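Just so it is clear, none of the values below were taken in a lab; they were calculated from the coordinates. Keep in mind it's a predicted model, so treat the numbers as computed, not measured. Cβ coordinates were reconstructed from backbone atoms using ideal geometry, including for glycine residues, and neighbour counts include every protein chain displayed.
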Amino acid sequence: MQPAQMYDRAITVFSPDGRLFQVEYAREAVKRGTTTVGLKFQDGVVLIVDKRITSHLIEPLSIEKIFKLDDHIGCATSGLVADARVLVDRARVDSQVNRITYDEPMEVESLVKKICDFKQTYTQYGGVRPFGTALLVAGVDSTGTHLFETDPSGALMAYKASSIGAGRNAVMEVFEEQYREGLQKDEAINLGLKALLKATEGKLNADALEIGVVQKGQAFRKLDIGEVKAYVERAVRAAQG
């Protein structure tokens, strides 16, 4: 029997070479998920998701990949969206408990650590499996603007610009070359769409895109379809010209 067959059964245990196969399988679920990007700009953060609609019979609005966690925090997901909803619901409760207890909004990093602590517990108990989803969490608080990536293992990392999902490598190539600090909101959205265009080989459907923005002094919100289409048309023209 091969090691991957011996150590990935009902309980997540270490293989002799120190690997957790179930966690690695969860990461594979994320890699096969929809392409999701996040970028910090001068006074906020933008999240963009290509929902990858595969049939014209699907109602695009029925698929939700960007969620509001609190007035000042939002997140985007890639992987198993059903798993993500469980984490979103828990994060919303944690954020509201903090408001009730301390009469102030929860810091972004504190909320992300709570999410990751919860994800980590599902890597060490029998009868459960790791969450097959990664989150990009964006927010603005008293300490500044924040963009965090969470891993199925419970690890977290702060980024200036990042991506999760199937097109991550192509997106990160664009960000490595062209991202700079101090972008304006429109510049950040345009760069994110440019990266998505590369990841999707020039195919972007505005109806299948979600864009969420949080800025200092403003609540997190998702752009309406009219705003999304205007940004996509601009990005496509720039790519063609």
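Calculate the radius of gyration of the Cα atoms of the chain to one decimal place, then report Dmax, the largest Cα-Cα distance, as a whole number, both in Å.
18.2, 58
What net charge is computed for the residues neighbouring GLN42, neighbours being all others with C-beta under 14 Å from the C-beta of GLN42, Lys and Arg scored +1, Asp and Glu -1?
On the way: positive: LYS40, LYS160, ARG180, LYS185, LYS216; negative: ASP43, GLU181, ASP186, GLU187.
Every neighbour counted, the sum reads +1.
On a straight-distance basis, which lysines could pair with LYS160 in a cross-link, Cα separation under 19 angstrom, same-chain partners fewer than 8 positions away excluded?
Excluding near neighbours in sequence, the set is LYS40, LYS113, LYS185, LYS194, LYS216.
Starting from the Cα of LYS216, step 7 Å along the direction of its Cβ; do the same at ARG32; then give the gap between the two resulting points in nm.
Here the answer is 4.3 nm between the modelled labels.
With a point put 7 Å past each Cα toward its Cβ, work out how far ARG237 is from ARG99 in nm, to one decimal.
Result: 3.9 nm between the two label points.
Taking springs between alpha-carbon atoms closer than 10 angstrom, which of VAL112, VAL93, VAL81 fluctuates most in the Gaussian network model of the chain?
Of the options given, VAL93 has the highest mean-square fluctuation.
Among all helices in the chain defined by DSSP H, which have a length of 27 Å or more along the axis from Cα atoms plus a Kyte-Doolittle mean of at least -1.0?
Numbers: long enough: 81-102 (31 Å, -0.16).
Span-like helices, by this rule, are 81-102.
Which one, THR77, THR123, THR54, has the greatest fluctuation when you compute a Gaussian network model over the chain with C-alpha springs under 10 angstrom?
Top of the fluctuation ranking is THR54.
Given only helices, namely DSSP H runs of n ≥ 4 each adding -39500 (n - 2.57), what is the per-residue ellipticity at 222 nm of the chain, to the nearest 500 deg cm²/dmol? Intermediate values should be presented prior to the final figure.
Values: 7 runs with 93 residues, N = 241.
Result for the chain: -12500 deg cm²/dmol, rounded to the nearest 500.
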